[in-house]
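Heads up: the structure comes next, in structure tokens.
Just so you know, all these numbers are worked out from the coordinates, no wet-lab data involved. Treat the numbers as computed from the prediction; the structure is a model and nothing was measured. Cβ placement follows ideal geometry from the backbone for every residue including glycine, while neighbour counts extend to all protein chains displayed.
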């Protein structure tokens, strides 16, 4: 039953964006973001990462439901976490289309907490080669992107709602970058999974590009520094994990 639910959740995540593109029911994702992206935004190209995530999530869904795939504690733990995370990720699309601003915050936060929480609470060192490639990497990429996307979504909604006023935008933007960096470092240190920080670094570089174009040198510099720090830290964590002997 769990494996079937994972497959259904993956279909919700993968199919809803396609249906939304074919049958436009409201705002596009870009139109939703434009309502309040003055505080902090990423360059549009950054969102092409969804193509990579979707392909890998499809591979994960097929692998875990395949009859010959053995049952493991990792599949059980991450399976339930991914059901919640992927379903919430898919439902974000209609929530944004209908401009249910705070619903988008709740859904993307739930998705991020579910996926990242599952990764942090699991024994990732016990994963075999197939599980690393077809379970940990898809969910790591998704969790990493959801981490930075949650911060951007929250700041966008707070700006659109008037909670963040123009004179407060710089402070909130810097706080958002700082929180993303700290969370990224903490989760990377705990999981030692290279797939997790990669989308965050990708997103921070895209924030640097967007803020540079908006002539916000302080925010651009902060985003670039955060990207470099996280990339260097992740490289050190992965290097250290490969030098240490794995338990039998």
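Data for the structure
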{"item": "Cα-only radius of gyration and Dmax that characterise segment 141-192, units Å", "result": "12.6, 39"}
{"item": "Globularity ratio of the chain, using Cα Rg and 2.2 N^0.38 Å", "result": "1.01"}
{"item": "For segment 1-97, radius of gyration divided by Kirkwood radius, i.e. Rg to Rh on alpha-carbons", "result": "1.05"}
{"item": "Segment 172-248: proportion of alpha-carbon pairs further apart than 17 angstrom, %", "result": "44"}
{"item": "Protection proxy ranking, peptides 155-167, 182-194, average beta carbon neighbours within 10 Å, highest first", "result": "182-194, 155-167"}
{"item": "Over the chain: helical MRE at 222 nm, DSSP H runs n ≥ 4 each giving -39500 (n - 2.57), nearest 500", "result": "-25000 deg cm²/dmol"}
{"item": "Cα gyration tensor, segment 1-40 - rounded (a/c under 1.5), prolate or oblate", "result": "oblate"}
{"item": "The chain: relative contact order as a whole-number percent, Cα under 8 Å and 6+ apart", "result": "25"}
{"item": "Euclidean distance between Cα centres, segment 140-166 to segment 68-111, Å", "result": "16"}
{"item": "Gain in span if fully extended, residue 242 to residue 30, counting 0.36 nm per residue against the direct Cα distance", "result": "72.3 nm"}
{"item": "Using alpha-carbon coordinates, inclination of helix 169-191 to the longest axis of the chain, degrees", "result": "10"}
{"item": "Between 0 and 90°, nearest 10: helix 49-65 axis offset from the chain longest Cα axis", "result": "30"}
{"item": "Hydrodynamic radius (Kirkwood) for segment 124-169, which is based on Cα pairs only, to one decimal in Å", "result": "12.9"}
{"item": "Degrees separating the helix 217-243 axis from the principal Cα axis of the chain, which is the longest one", "result": "10"}
{"item": "Ordering of 226-239, 61-74 by burial proxy (mean other Cβ atoms within 10 Å per residue, highest first)", "result": "226-239, 61-74"}
{"item": "Among 117-130, 33-46, the order from most to least packed when residues are scored by Cβ within 10 Å on average", "result": "33-46, 117-130"}
{"item": "Whole-number D in µm² s⁻¹ for segment 40-89, Kirkwood Cα-pair radius fed into Stokes-Einstein, 10 °C, 1.306 mPa s", "result": "124"}
{"item": "Rounded if a/c under 1.5, otherwise prolate or oblate - segment 87-231, Cα gyration tensor axes", "result": "oblate"}
